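Student: First, the structure itself, so that you have it in front of you.
Computed from the coordinates by the stated procedures, all read-outs in this text should not be read as laboratory data. None of the values given here were measured: they were computed from a predicted structure. When we count neighbours, we look across all protein chains shown, and the Cβ atoms used for this are built from the backbone with ideal geometry, even at glycine.
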Amino acid sequence: MDLEISGKRALVAASSKGLGFSTARALAAAGCRVVVSGRHEETLAKAASELDALPLLADVSTLAGATDFVERGRELLGGLDILVPNAGGPPPGTFGDTDLDAYPDAIALNLLSVVAMCKTAIPEMQAQGWGRVLAITSISVRQPIPHLILSNTARAGATSFLKTTALEVAKDGVTVNSIQPGLHLTDRVRSVYGDKVQSVAAGLPVGVVGDPDDFGQVAAFLCSEAARFITGAAIPVAGGADIGLQ
């Protein structure tokens, strides 16, 4: 299927590995000019080489870092059509064992970074009459994941921000959505679940761990021309783990 985004300029945050990398790979395969980013130079260089993408060393865990990431990425690309806000997750924990002072960093990482990237990128998209914003969040927005209270809290706020923004900029040809991964075989999942990954996956309706490349294909479609009527949506890609009606 031709996604009709060949030549579009795409900026993917935290994309040197994991689901960000899979999304960048799918966008590159669709013909986009892609900037991949990360905090570690060696990993970033490898990812950029594999995708024939432009590398950008960046840390989006702060407001300044997230803003700078978009500004420099836009300069590298000569403009911006597609933005994929993304960041790693905060440390695991429960209500009882998570200190109050851990919350500001988690909110900066998974909520305020999204706000900063969107504030920097969307006005230009509005001016040109076309844009795609697709944030990678988590299935925890629909149903909190045990032992991930920081991520559950911050990403729920990001989802609300994205929905509100989508309603305001839809008339300008800019779609704003989020995509909610469940259990995909990434370094993050391995670090959280360790050798229990397969046993956890057995409890999913599909019975297996997700393939990150399948996730990337869905993400690329949501950035496509064919997806122009999808906005304000929070779409799970989670192997049936989202068991609620909404």
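Student: Residues of the stretch 149-185 with backbone nitrogen within less than 19 Å of a virtual label 7 Å along the Cα-to-Cβ line of VAL206, please, listed as ranges.
Tutor: Those under the cut-off are 178-185.
Student: What does the net charge come to around THR137 if you take all other residues with beta carbon closer than 15 Å to its beta carbon, with K and R at +1 and D and E at -1?
Tutor: +3
Student: Over all directions, the average projected area of the alpha-carbon convex hull for the stretch 141-246 comes to how many nm²?
Tutor: Result: a mean projected hull area of 7.2 nm².
Student: Calculate, in nm to one decimal, what HIS40 and GLN126 gain on full extension: separation in residues at 0.36 nm each, minus their alpha carbon distance.
Tutor: Result: 27.7 nm gained on full extension.
Student: Stokes-Einstein diffusion coefficient for the chain at 10 °C in a medium of 1.306 mPa s, Rh from the Kirkwood formula over Cα pairs: what value in µm²/s?
Tutor: 89 µm²/s
Student: Something else about it: Can you spot the lysines whose alpha carbon is less than 26 Å from LYS46's alpha carbon? Ignore those fewer than 8 places along the same chain.
Tutor: Reachable lysines: LYS8, LYS17.
Student: Then there's this: Could I have the simple spin-label model distance between GLU225 and ASP213, label points 7 Å from Cα toward Cβ, reported in nm to one decimal?
Tutor: 2.7 nm
Student: Could you check the simple spin-label distance between ASP52 and THR94, using points 7 Å along Cα→Cβ, in nm with one decimal?
Tutor: 5.1 nm
Student: Any chance you could tell me what percent of the C-alpha pair distances in the stretch 36-181 go past 18 Å?
Tutor: Tail of the P(r) past 18 Å holds 59 percent of the pairs.
Student: A further question follows. Set the Förster distance to 30 Å, then compute FRET efficiency between SER6 and LEU63 from the Cβ-Cβ distance, nearest 0.05.
Tutor: 0.35
Student: Under a point-charge model restricted to the Cβ atoms of Lys and Arg (+1) and Asp and Glu (-1), what is the dipole moment magnitude of the chain relative to its Cα centre, in debye to the nearest 20?
Tutor: 320 debye
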